[in-house]
1. Of the residues that make up the range 65-77, is at least one under 14 Å from Glu114 (Cβ atoms), surrounded by fewer than 20 Cβ atoms within 10 Å (Cβ to Cβ) and in contact with a helix residue (DSSP H, G or I) (Cβ under 6 Å, 6 or more places away or on another chain)?
2. Would you mind stating whether Tyr62 is assigned to a strand (DSSP E or B) and among the hydroxyl-bearing types (Ser, Thr, Tyr)?
3. Could you please tell me which pairs satisfy a Cβ distance under 6 Å, a separation of 6+ or placement on different chains, a first residue in the range 6-26 that is in contact (Cβ under 8 Å) with a residue 40 or more places away in the chain, and a second residue that is surrounded by 15 or more Cβ atoms within 10 Å (Cβ to Cβ) and of a type in the set (Ser, Thr, Tyr)?
4. For Glu56, work out the one condition from (1) of a type in the set (D, E, K, R); (2) under 10 Å from the mean Cα position of the chain (by Cα); (3) not in a strand (DSSP E or B) it doesn't fulfil.
5. Just one of the numbered conditions (1) in contact with a Leu (Cβ under 7 Å, 6 or more places away or on another chain); (2) of a type outside the set (Asp, Glu); (3) at negative phi is not true of Gly36; which one?
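The values are calculated or read from the model by the stated rules, or taken from the named source; none is laboratory data. For clarity, every value in this text was computed on a predicted model and none was experimentally measured. Here the Cβ positions follow ideal geometry from the backbone for every residue, glycine too, while neighbour counts run over all protein chains shown.
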Amino acid sequence: MKMLDPTTPDTLACPKCAGTMRVQRFPENDAYRCEGCQGLWLPLMAHEQLEERAAEIDTARYAGTSAPEPRTLACPQCEFVPLIRMVDAAHPDIHFESCKTCYGRYYDAGEFREVSEDPSFLERLFGSD
């Protein structure tokens, strides 16, 4: 069970639309959802720890393949560190951004749920039993 970290902020600025991202606290880890564009910021390891809660956390509808972001997004936790555009090998149509400093991930609305619906790498490798 995750210990409550008093230094974890309740809000962050969305790297995509600059809206307010509010924290959603779960026993495994925290997630931040933007009130504007519904994007998600997942701190270090949260994408793995919260995978089974994806439908609960990422309630927005996946809009499908989007054009590449025309600008470099900045990490909402590290502020001026640029996010790196990544591709999920199992979902080449989904691009997410990752911070090379804190290892957090930013997903557009619906993307986290979309990538989490497929079995995890370990489940594909060893089975779900």
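1. Narrowing the range 65-77 to residues under 14 Å from Glu114 (Cβ atoms): 65-66.
Next cut, surrounded by fewer than 20 Cβ atoms within 10 Å (Cβ to Cβ) only: 65-66.
Those still in the list that are in contact with a helix residue (DSSP H, G or I) (Cβ under 6 Å, 6 or more places away or on another chain) too: none.
Within the range 65-77, none of the residues are under 14 Å from Glu114 (Cβ atoms), surrounded by fewer than 20 Cβ atoms within 10 Å (Cβ to Cβ) and in contact with a helix residue (DSSP H, G or I) (Cβ under 6 Å, 6 or more places away or on another chain).
2. Details: assigned to a strand (DSSP E or B): no; among the hydroxyl-bearing types (Ser, Thr, Tyr): yes.
So Tyr62 fails the test.
3. As it stands, the answer is Leu12/Tyr32; Pro15/Tyr106; Met21/Tyr32, since those pairs meet every condition given.
4. (2)
5. The failed condition is (1).
Per-residue answers, yes or no, for (1) part of a strand (DSSP E or B); (2) over 22 Å from Glu35 (Cα atoms); (3) modelled with pLDDT under 90:
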| position | (1), (2), (3) |
| --- | --- |
| Glu79 | no, no, yes |
| Ile94 | yes, no, yes |
| Cys102 | no, yes, no |
| Ala109 | no, no, no |
| Asp118 | no, yes, yes |
| Leu122 | no, yes, yes |
